[in-house]
Every structure is written in C-alpha cells, then in structure tokens.
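Structure first, commentary second.
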Amino acid sequence: MNSKVIYEKSKGLSDFHLSYCPGCTHGIIHKLVAETLVDLDLLERTVGISSVGCSALNYDFFSCDMQQAAHGRAPAVATGIKRVRPDNIVFTYQGDGDLASIGIAEAIHAAHRGENITIVFVNNAIYGMTGGQMAPTTLLGQKTTTSQDGRDAASQGLPLRVSEMMAQIPGATYIERVSVHDPKHVNKAKKALKKAFDIQNKKLGFSMIEFISTCPVNWGINPKDSVDWAVDNMIPYYPLGVYKDKTVGEK
Amino acid sequence: MSKVLMKGNEAMALAAIKAGCDAFYGYPITPQNELPEYLSKHMRTHGRAFVQSESEVAAINMVYGAAGAGARVMTSSSSPGIALKQEGITYIAGAELPAVIINVMRGGPGLGGIQPSQADYNQITRGGGNGDYSLYALAPESLQETVDLIKESFEIADYFRNPVMIAVDGLIGQMMEPVDVDREVKKWDLKPKTWAADGNRKDHPKNIINSLYLDPQDLENHNIKLQKKYTEMKENHQRYELINMENAEIAIVAYGSVARIARTAIEILAEKGIKAGIVRPITIFPFPEKAFKELPSSVENLLVAEMSMGQMLQDVKLANECRLPIHFYGRVGGIVPEAEEIAQKVIDIIGGQSHE
Amino acid sequence: MKRITILSGYYGSGKSEISVNLALQKHIDYIVDLDIINPYFRSRALHELFKEKGIKLVESTIENMPNSDMPYISRKGVYPFIDKSVTAIYDLGGTENGAKVLIQYQDQIKDFDEIDFICVLNVFRPETSNKKDIIDSIILLEAQTQLKVTGLINNSNLINETTEEDIIHGENIIKSVSEELNLPILYTVIEESKKKLIKHNFLGEELVISRIVARKWL
C-alpha cells in the first residue's frame, strides 16, 4: 500500500514529547521556530538559548545545539556566543517573567548594542513555572497568586509593553508582536519569525518577536476560553503589529 | 623576547591575548580598569571579541555563553563585582565550562574601598555562588608569575572544564614591574572540545550546555562527578613555595603581595639574627596543605599574615592539624602591612609577647 | 627650570615619582596632582611629607583622602597660573586621557616662556618602545590637550633590573624623537641605587631620584 506523508514533525524538533499543558501556545511557537530554522536552512549552525520558566527544558525539544541560561540572562549568553561565533544563528527563547522582569537589562542592552541575535519572547501575562505569580505584563485587575485582588496600578504599576519599549531602542532592527490564536495569525507569526531570522542571517542586527500566549492552568480558564481571553483582553492592551523595521527605514 | 615594564592590569590583559583568549567581557570597576581598557584596544587588532557589558552579571553570563560555544574566554573585576558575578560562576562550574576570571581585590564589605585587600579569600575558596563547586584559584605574588599563571590558567580551565580564578590584590593590578610576556608556560594535555554547543551540527551530534538536573539522583551523580575534579586538584595540583625554610624557627604563611612584603620582613629579621621562612601558597584552592607536612622540625611557630581579618587562617588551622602554635597578623581596609610590622610581630612571637 | 612644569606621559612612565623628586629637589612651591586615571601611587598620597617640606599640595576637592577614586578636580589648581610669584609642578594621569584635564586651564595656559609641558618617556613601556609609537603618543597628547609639548624626559628603566645600557638604549630612541620633533631632552632620570653604576654622560640634566611614591618592596 502506498502511503503519502502529508504532515510530519519538523526536523527542527527532537523526538522528545513536549511537556506543555493543554491549551498552552508554547508548543505552536516551538513548532514555528523549528520550521523557520529548517525552511531557511539554518538549523545546523544554530545555537538556541533556553531560559528559566516553563520553556526551561526546551534545550531537549529543539534539535539544534542548545545552552541553558540563568533567569533573565539569555540575551547575555547569546551575546557571548554570537561574538565568538558570528556566523552562527543564535536565538533566545524567553517568557515574560524572564525577559520583562529579571532580565530586562540584558534584553535592552542586547538590543542597544545591536547584537545580531533573535529573541523569541513569549508573553502570557503571568509567571507559569513558579505557580502563577504576577508578571510585569500581568493585566490590570488580573488575579494572580501575588495579586490576589487583581493587579492594582497604584501599588503594582501598569502592565509593561515590551515591544513598544524595545522599538524605542536605537540599536534594535526589527520588533514585531504576533499572536497564535488562530491559523491566520499562526501564519502571520511564522512570517514574522522568518523575517527575524532572515535579518539575523543577513547580519542586519537585533530582532525580537513577541508572542501573545496563553496559560490556561494559571489563569484558571479552560483551553478554549483561554484563547478567547487572550484575544479579548491581551491583544487590546498589547496590539499586534510591526513596531520597528529598520530594513525598510525608520517610521 | 626581552623584558618590558608593565603595569599589572596591562600585563594581565596582554597575557590573556598571548594565551589565545578569544573573548573578553567585563564591566568597569576600580582598581582593574586598565585591564579592559587595554583589551578594548588590543583584542580588536587581534580579531578577538571584546564587549563592555551592561553589568557584571551580564559579563559573566556572556562568558558562560562563549565558554559553552567552545571559546577561550575571560572576564575581570574587583571584589564587589566578583560578588555580582557569582550567579554566572556557579552556572559555569555546574555546566563544566572552562573560563578565566581575574579578581583584582579591594577592601570590603559592601562598597568598601578601592585600596588593596585579600578579603575575598572566602568568596574565592568557599564557592561564593550556590551549590557544591570550587574554583581552581591561583594567587601570584609578582607580575611575571601573574603573567605566566594567566597564560597557563586557560590550559588549566580547559583541562578541568572548570573556571579558574586569578586572585590578586589591587597592588598587583597597579604595580609596575619588568616582565617577559613570552616566557613558555606548561602546556596541559587537552582534548578537543567535542562537547561545545558551537552551532556546528555538521561535525557532531546535538550538544547541550546545562546545569539543570531535575532528577535528584542525576543531580547527586553530577555532584559526585564534580567532586572528583576537586579531589584531583587537591591531590595532584596544589602549588606552593617554601622560602628560606632551612633551620627556620618560624614560618610566615602569606600569599600574593603579602608574601612579597614577608620576603622583606625575613631580611629584616635575618639582620637581627632571627631565621624566618615563608610558606607561600600559590594555589589558594586547593589550599597547599602538603606544604605544612614539609616544614622542618626547627619551625616552632606559624604566623599567618594576610590583608583580611583571618580568612586564610582557617585553612592554615586545618592544614596544621594542631601541630604548631598559630599566630595571626592582618591589616584590612586597604592598609598594606609594612615589612617592619610583620618583622615586629615575629619578634613578639619569639619573645613570648604574642598569643595564639 | 621654568616656573611651571607640567608632566605627562604614558601611565607608569614615572610622572608622579619624578614630580615628587623634582618638587623636593628644586624647592617647588606647589605640586598639583591632577591624576584622574590612577587609583594608587599618586603624589597626593604624600600629603604629610609635602606639609613637612612646606610644599603646597593641590589635589582632589576631598583633601587628605588619597584613597578616593572620585575624579573631583580642585579649583585651586589654577592658582599657580595666576600667581606669577610661585613655582609649580603639575602631575597628570597617564596618556592623553589623563592629560585632557588640562583643558580646564585652557584660558590660563598661554605663556610658554614660563611653562614647560613635558612628556616623560620610558622605552621599556611597550606602548612607547620605539620612535614611531612615541611620536604618535605625543601627537595624541597634543591633540587632546591642545598644547604643544616643549620637552622630553628620558626615564627609561626596568626598576630594580635597570642597567646603564638600558638607559642608553632609551636615550638613543628618545634622541631620535627629540631630533625629529625638535624637542630638547630636559632630564635623564637615574634611580639613586643605580647612580654609582653610571659612567655615561646623558643628555639633559641628570635627575637622581629616590623611590618615594612606590614602596621599596614593590
């Protein structure tokens, strides 16, 4: 009997079973990163940096060389690698606790130096791994284990818009915010990743793609409704789009 | 090559270039600034990487990245900056990566001062970061020795796949001395870095650089493996110098700049007819306990002299195994003991005026 | 010797040691320590000695704190330029970066009949070991300070290991610079413990110095 392969797992992913919860979009984002590296034929010379958070174990999931970084330090680790291996492709994969809180300095300064790396930034408005604490990106009124009455602007500040902030940094080349809540947006997100890795491959400088993501378990919302919650609550505060693209001139 | 006159910080920088250091990442702090300044100029001309990072924390994590990619990499700082680097240092040790870290020590605690100190002894020899790990720590006393040891330290780091710390005080960083930067140093038997996550999958299967072991048994096994390295360092790689020890009635235990001062002190004492020797640790981890087993029977007292409140003293007590009375002379805050002070302390000890 | 002597040069070339020795030997009124580069071994560390010898020390605005690395420059540094009755030595930090502090006195440094701007040279310092590098360093120094160097000092040495040949080797290189740039060698420095070994007649005034700033055991 003849069989025809109509879909297979990307060669950019290993045989490991992804450990993420149902309804979490880390899996889709992993797949997009892996497919992009394969499509652009970059996989064999790529080093990925896993960070601290739910994605910490993804050094097992991607099939390229991987290095695990301390909490928030992935852009510094990526800098260290890229400066001694400038022809490699180097990306970090960081959540919003990792990048927007403890690692904000490393992220800003990697962009500021125009490091020729790509940051895959996954924003689900909460700390997932450590048990649902408030993140800088947690929305106003959102309940977390450290904002049990809902985030309050007076004592906990307003949610941080990372892409908007990074776009202000003169050294950054490409900043885009995407979402993976439906197939149309998944395709758009993949295009954004392709653009970012292509920029890196052409040595045009720093790129960051922010993904609006979900955390059904810590949000306490079922997987299907979580997608709706992200669309209804996150995207209005974190609008999708290209925030900076130096390759077409500054806006 | 003939000798040149160099400032300690510059000489250390040049030694790194001579050792094939591929990358330097660091952040400004007194009294080591001439080192990154020198490298900012000269690494580029040698086609090497230099980044002035946004912080000490970032610098050491850049070191971790480059070391993971198989490069020879170095950072330098001074005491409070080294404290900041501890996060990255324990990751480097945990992931078994080679790196060279220079610590030009200044007075503490806190912001302390900018003058020379040896008060990082515990920070250097007792980890500093979290977990059971050790650095191979070298404490030279002259610029020539510093240059030679920095060149060799890249070999040692590669051999053990472990960070090596060069522990000097601010005086070594700031002093001028003639050095031969091209002197041959010991080459270690090194294997290719087939473990590196260097983004070169054509040559090797996937490599992962990691210090995370969520299974307790895996983590215990990893710790046992690490411990074997430190045991090998202790058994086979202690370094020390015994100076003027024949018929010595007292041994001054001192390292780095203080050993240098002790050399003048024993000359002063010789003029007064007192025979004093020096035990000079060159490695402070592993601590050279073997040196204390080699002391002649003429030695009746030990004097530990250091620029701290008695941090190395604890290691001397362990190495001495209660055999000899131990006296202590320490200056801190950036005050460097004068040779006359150390000599006077010896005179007091011999005259029964000093208590253990 | 002119009324005001400004000493510059690569760091570790011996500026502070020469400044202090000159101040003591020539009974200079002011020593102005403008070293914002070096944290150790600065002439300001000798404030007690200067007090004893009646030499006025101008240093950081935080006086008698030689262990601070705050680069505060005292306004008193301008006095010797204004008061024509005093003599002074200005001790700068290393390289053109250390010398750029002189820009602060741009309006006062005009009369080169009474000011020497001297470059201290030790050819055993790797950055100033040959004619080309020395000339390049002087060009940088002049560009940074917007002042013309008026003379050179041969302080070629390897500290305790210095031989007469070493100083002669230095003189040969510095002489070639001197001829190319038409700058006199004003002093040749000899450390006092080496004095008895010296037979050669060196260019410029022979300045025998003792180690005051650096400790003997260094």
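The values are calculated or read from the model by the stated rules, or taken from the named source; none is laboratory data. Computed from a predicted structure; not experimentally measured. Every residue, glycine as well, gets a Cβ built from its backbone with ideal geometry; the counts of neighbours run over all protein chains shown. For the accessible areas, the whole protein counts, side chains as well, though only heavy atoms, and no ligand, DNA or RNA atoms are used. Shrake-Rupley method; radii C 1.70, N 1.55, O 1.52, S 1.80 Å.
If you take the residues of region A:39-63 that are in contact (Cβ under 8 Å) with a residue 40 or more places away in the chain and at the interface with chain B (Cβ under 7 Å from one of its Cβ atoms), which of them is most open to solvent (accessible area, probe 1.4 Å)? Out of the qualifying residues, it is A:Arg45. When B:Glu241, B:Glu267, B:Glu232 are checked against the criterion of being in contact with a helix residue (DSSP H, G or I) (Cβ under 9 Å, 6 or more places away or on another chain), at negative phi, in a strand (DSSP E or B) and more than 14 Å from chain A (Cβ to nearest Cβ), B:Glu241 stands alone in meeting it. If you filter region B:43-56 down to residues that are within 7 Å of chain A (Cβ to nearest Cβ) and out of contact with any strand residue (DSSP E or B) (no Cβ under 6 Å at 6 or more places or on another chain), you find that the one that is surrounded by the most Cβ atoms within 10 Å (Cβ to Cβ) is B:Glu54. Contact annotation: residue pairs with Cβ atoms under 7 Å, 6 or more positions apart or on different chains, pairing a residue in region B:184-208 that is within 10 Å of another protein chain (Cβ to nearest Cβ) and modelled with pLDDT under 95 with a partner that is assigned to a loop (DSSP other than H, G, I, E, B) and surrounded by fewer than 17 Cβ atoms within 10 Å (Cβ to Cβ), are B:His204/B:Thr194. When each of A:Ile81, A:Ile102, A:Ile108 is tested for being without any contact (Cβ under 8 Å) to a residue 60 or more places away in the chain, of a type in the set (A, V, I, L, M, F, W, C) and surrounded by fewer than 24 Cβ atoms within 10 Å (Cβ to Cβ), the lone residue that passes is A:Ile102. Please tell me if C:Phe50 is open to solvent by less than 80 Å² (accessible area, probe 1.4 Å), among the aromatic types (Phe, Trp, Tyr), closer than 20 Å to C:Lys15 by Cβ and more than 14 Å from chain B (Cβ to nearest Cβ). Yes; evaluated as a whole, the condition is true for this residue.
So, B:Asn9, is that one part of a helix (DSSP H, G or I), open to solvent by less than 10 Å² (accessible area, probe 1.4 Å) and more than 14 Å from chain A (Cβ to nearest Cβ) or not? The answer is yes for B:Asn9. Within the set B:Ile114, B:Ile89, the sole residue that is modelled with pLDDT under 95 and either in contact with a Phe, Trp or Tyr (Cβ under 9 Å, 6 or more places away or on another chain) or not assigned by TED's automatic domain parsing to the domain that holds B:Gly26 (or both) turns out to be B:Ile114. Within region C:66-103, the set of residues being under 22 Å from C:Asp136 (Cα atoms), in a helix (DSSP H, G or I) and open to solvent by less than 70 Å² (accessible area, probe 1.4 Å) comprises C:Thr95, C:Glu96, C:Asn97, C:Gly98, C:Ala99, C:Val101, C:Leu102, C:Ile103. Residues that are at pLDDT 95 or above, aliphatic (A, V, I, L, M) and under 30 Å from B:Glu338 (Cα atoms) occur at least once in region C:187-194. Scanning region B:146-171 for residues that are within 12 Å of the chain's Cα centre (by Cα) and in a helix (DSSP H, G or I) yields B:Thr146, B:Leu149, B:Ile150, B:Ser153.
Note on region A:150-176: residues that are touching a helix residue (DSSP H, G or I) at 6+ places or on another chain (Cβ under 8 Å) and either open to solvent by 60 Å² or more (accessible area, probe 1.4 Å) or on the phi > 0 side of the Ramachandran plot (or both) amount to 2. For region B:245-254, the criterion of being assigned to a helix (DSSP H, G or I), of a type in the set (S, T, N, Q) and within 30 Å of B:Gly351 (Cβ to Cβ) is met by none of the residues.
Only one entry in B:Arg323, B:Arg331 is out of contact with any Lys or Arg (no Cβ under 9 Å at 6 or more places or on another chain), closer than 29 Å to B:Gly112 by Cα and open to solvent by 60 Å² or more (accessible area, probe 1.4 Å), namely B:Arg331. Pick from region C:174-188 the residues that are in contact with a helix residue (DSSP H, G or I) (Cβ under 6 Å, 6 or more places away or on another chain) and not polar (S, T, N, Q): which of them is most open to solvent (accessible area, probe 1.4 Å)? Restricting to residues being in contact with a helix residue (DSSP H, G or I) (Cβ under 6 Å, 6 or more places away or on another chain) and not polar (S, T, N, Q), the top hit is C:Ile185. Looking at A:Gly128, A:Gly132, A:Gly72, A:Gly114, just one residue is closer than 22 Å to A:Asn201 by Cβ, more than 7 Å from chain B (Cβ to nearest Cβ) and not in a helix (DSSP H, G or I), and that residue is A:Gly114. Residues of region C:38-47 that are more than 14 Å from chain B (Cβ to nearest Cβ) and touching a helix residue (DSSP H, G or I) at 6+ places or on another chain (Cβ under 8 Å): C:Ser43, C:Leu46.
Answer yes or no: is there a residue in region A:18-31 that is surrounded by 13 or more Cβ atoms within 10 Å (Cβ to Cβ), within 14 Å of chain B (Cβ to nearest Cβ) and hydrophobic (A, V, I, L, M, F, W, C). Scanning region A:18-31, I find no residue that is surrounded by 13 or more Cβ atoms within 10 Å (Cβ to Cβ), within 14 Å of chain B (Cβ to nearest Cβ) and hydrophobic (A, V, I, L, M, F, W, C), so the answer is no. Of all residues in region A:221-251, those satisfying the criterion of being assigned to a loop (DSSP other than H, G, I, E, B), modelled with pLDDT of 95 or more and out of contact with any His (no Cβ under 9 Å at 6 or more places or on another chain) are A:Ile221, A:Asn222, A:Tyr238, A:Pro239.
Among the residues of region C:115-152, those that are in a helix (DSSP H, G or I) and open to solvent by less than 20 Å² (accessible area, probe 1.4 Å) comprise C:Thr128, C:Ile134, C:Ile138, C:Leu141, C:Thr145.
Can you find, within region A:199-210, the residue that is nearest to A:Ser147 (Cα to Cα) among those that are surrounded by fewer than 24 Cβ atoms within 10 Å (Cβ to Cβ) and touching a strand residue (DSSP E or B) at 6+ places or on another chain (Cβ under 9 Å)? Of everything passing the filter in region A:199-210, A:Gly205 is nearest to A:Ser147 (Cα to Cα). Annotation note: of B:Ile261, B:Ile274, B:Ile284, B:Ile278, the sole residue that is crowded, with 16+ Cβ neighbours inside 10 Å, more than 24 Å from the chain's Cα centre (by Cα), of a type in the set (A, V, I, L, M, F, W, C) and at pLDDT 95 or above is B:Ile274. Scanning region A:1-60 for residues that are within 15 Å of A:Ala196 (Cα to Cα) and among the polar types (S, T, N, Q) yields A:Thr36, A:Thr46. For the condition within 8 Å of chain A (Cβ to nearest Cβ), in a helix (DSSP H, G or I) and in contact (Cβ under 8 Å) with a residue 12 or more places away in the chain, B:Ala66 qualifies.
Residue count for region B:92-145, restricted to those that are among the hydroxyl-bearing types (Ser, Thr, Tyr) and within 14 Å of chain C (Cβ to nearest Cβ): 2. Scan region A:75-91 for residues that are more than 10 Å from chain B (Cβ to nearest Cβ) and of a type in the set (S, T, N, Q) and the total you get is 0. Pairing each residue of region A:177-205 that is on the phi > 0 side of the Ramachandran plot with any residue that is aliphatic (A, V, I, L, M) and open to solvent by less than 50 Å² (accessible area, probe 1.4 Å), provided the two are 6+ apart or on different chains, yields C-beta distances under 8 Å for A:Gly205/A:Ala172; A:Gly205/A:Ile199.
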